[in-house]
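Take a look at the structure below.
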Amino acid sequence: MRISVIGCGYLGAVHASAMAELGHEVVGIDVDEVKIAALGEGRTPFFEPGLPEVLTSALASGRLRFSTDIAEAAGAEVHFVAVGTPQKKGSNAADLTYVDAAVEALLPHLNAGDLVVGKSTVPVGTAARLAGLIEDVGTGASLAWNPEFLREGFAVQDTISPDRLVYGVPAGAAGERAVAQLNEIYASAIAADTPLVVTDFATAELVKVAANAFLATKISFINAMSEIAEVSGADVTQLADAIGYDARIGRRFLNAGVGFGGGCLPKDIRAFTARAEELGRGESVAFLKEVDSINLRRRQRVVDLTVTALNRPIFNAKVAVLGLSFKPHSDDVRDSPALDVAVQLRGLGADVLATDPQAIENSRARHPQLSYSTEIEETLRGAGAVVLVTEWPEFRDIDPAWAATLVETPTIIDGRNTLDAAKWRAAGWTYYGLGRP
């Protein structure tokens, strides 16, 4: 099928490349000339494992091209809207400026039978409003909502082989046509018996924010248990193992630590809360405010542990920070707990030197006051304390005996509870975990 993808940021660039790799003819459109030029040359503007290979392959096939001209979308049968929905300044609500602008820009280029497909994460009610806008123009085009469930670090895999598909479609013939068009686009996933939920607009919109809210709640729950473990002498990792054997609970996302971040979970749960309040049901998700609060407290806990662990005043003490991205296999530092911890320690007067395999340049652009190194050895040398805040394999695999020869004081704060505490202690380190004795 002929497809346009409006918005070539993280979501759009991955989606456009993957759709072309699956055999569709795709044009990716974005107003950012620098980004479009880079993508057109096969260069990814961000780090995502597997994307460079898929992008290069799709460009070489001739099925993928990029443009800054929205008129290039004309002639496509399906138009995916994949622009960002950031948090509004001074508010928890989602900023729909880019979504509205993308749809409005598309309107003059739509033909009868075309399908506009929303992939952006939006407040419930947005799809119905946009569907009315498309209908009022009278082009004969229609709208569907097809939320994304990408995990950074696995986005290409999640696009080509999703764990489920959700279609929010209108009633009647327009909905039936939308399902047929989407089934053709996702033919390989459908053939692989990927679970498919065909539903209404509101449910499709809620699926994404509800999923993110649940994951955030599960993470903050175990971090709340970590707070109790710290004052009671319990071990939160063993607690998580024990309750995780219950099939109703499961062990995934029960890893206590510095908390969640990134461009999705934090702003999505805040936007969900704001929208619920607009609908007069704020009490239904009021608990999400505490989920957010617990999450932010864990960052402060890592900072406090570091201050306590140092064998000297924090002012001018060298602190080595391992990790800047909000999660491994990503260069994303949006609302990153790791970067936040580094900045807070620097604000207290520490001589912070931070390293990360991919996120240094993005971090430097946001916080040039920090010092950065691309080398683990340099980062560790002379440190009075080491703080691990992103669980990159490179950091998990550090030999504690080797590291002990580099630091001034062998003290480590494991902000992700990812290290073997016994191994590090045996190598002479004072080890601090979160919610662990």
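What are the residue pairs meeting all of these: first residue in region 34-45, first residue at positive phi, second residue not hydrophobic (A, V, I, L, M, F, W, C), Cβ atoms under 8 Å, and 6 or more apart or on different chains?
So the pair list comes out as GLY42/PRO52; GLY42/THR56.
Inside region 34-65, can you point out the residues that are of a type in the set (Ser, Thr, Tyr) and either within 20 Å of the chain's Cα centre (by Cα) or not assigned by TED's automatic domain parsing to the domain that holds GLY9 (or both)? Talk me through it step by step, then tell me what you get.
First pass over region 34-65, keeping only residues of a type in the set (Ser, Thr, Tyr): 44, 56-57, 61.
Within region 34-65, THR44 is the sole residue that qualifies.
Looking at (1) of a type in the set (A, V, I, L, M, F, W, C); (2) free of Cβ contacts under 8 Å to residues at least 40 places away in the same chain; (3) under 28 Å from PRO357 (Cβ atoms), which is the one condition that is false for LEU55?
Unmet condition: (2).
So is VAL124 outside any helix (DSSP H, G or I), touching a residue at least 24 places away in the same chain (Cβ under 8 Å) and of a type in the set (Val, Ile, Thr) or not? Write out each step before concluding.
Numbers: outside any helix (DSSP H, G or I): yes; touching a residue at least 24 places away in the same chain (Cβ under 8 Å): yes; of a type in the set (Val, Ile, Thr): yes.
Yes; evaluated as a whole, the condition is true for this residue.
Here's the yes/no breakdown for (1) of a type outside the set (Phe, Trp, Tyr); (2) in contact with a Ser or Thr (Cβ under 8 Å, 6 or more places away or on another chain); (3) assigned to a loop (DSSP other than H, G, I, E, B):
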position	(1), (2), (3)
SER226	yes, no, no
ALA229	yes, no, no
LEU239	yes, no, no
ALA242	yes, no, no
ASP246	yes, no, yes
LEU254	yes, no, yes
VAL258	yes, no, yes
GLY262	yes, yes, yes
ASP268	yes, yes, no
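Residues that are at pLDDT below 95, of a type outside the set (Val, Ile, Thr) and out of contact with any Phe, Trp or Tyr (no Cβ under 7 Å at 6 or more places or on another chain): does region 24-44 have at least one?
no
What are the residue pairs meeting all of these: first residue in region 381-405, first residue over 20 Å from GLY259 (Cα atoms), second residue acidic (Asp, Glu) and at pLDDT 95 or above, Cβ atoms under 7 Å, and 6 or more apart or on different chains?
GLY382/GLU408; ALA383/GLU408; GLY384/GLU408
Test of understanding: among ALA173, ALA131, ALA155, which residue is farther than 17 Å from LEU22 by Cβ and surrounded by 22 or more Cβ atoms within 10 Å (Cβ to Cβ)?
Values: ALA173 fails: surrounded by 22 or more Cβ atoms within 10 Å (Cβ to Cβ); ALA155 fails: farther than 17 Å from LEU22 by Cβ.
Every option except ALA131 fails the conditions.
The values are calculated or read from the model by the stated rules, or taken from the named source; none is laboratory data. Everything numeric in this text was worked out from a predicted model, so none of it was measured. Counting neighbours? That spans all protein chains shown, and the Cβs are built from the backbone with ideal geometry, glycine included.
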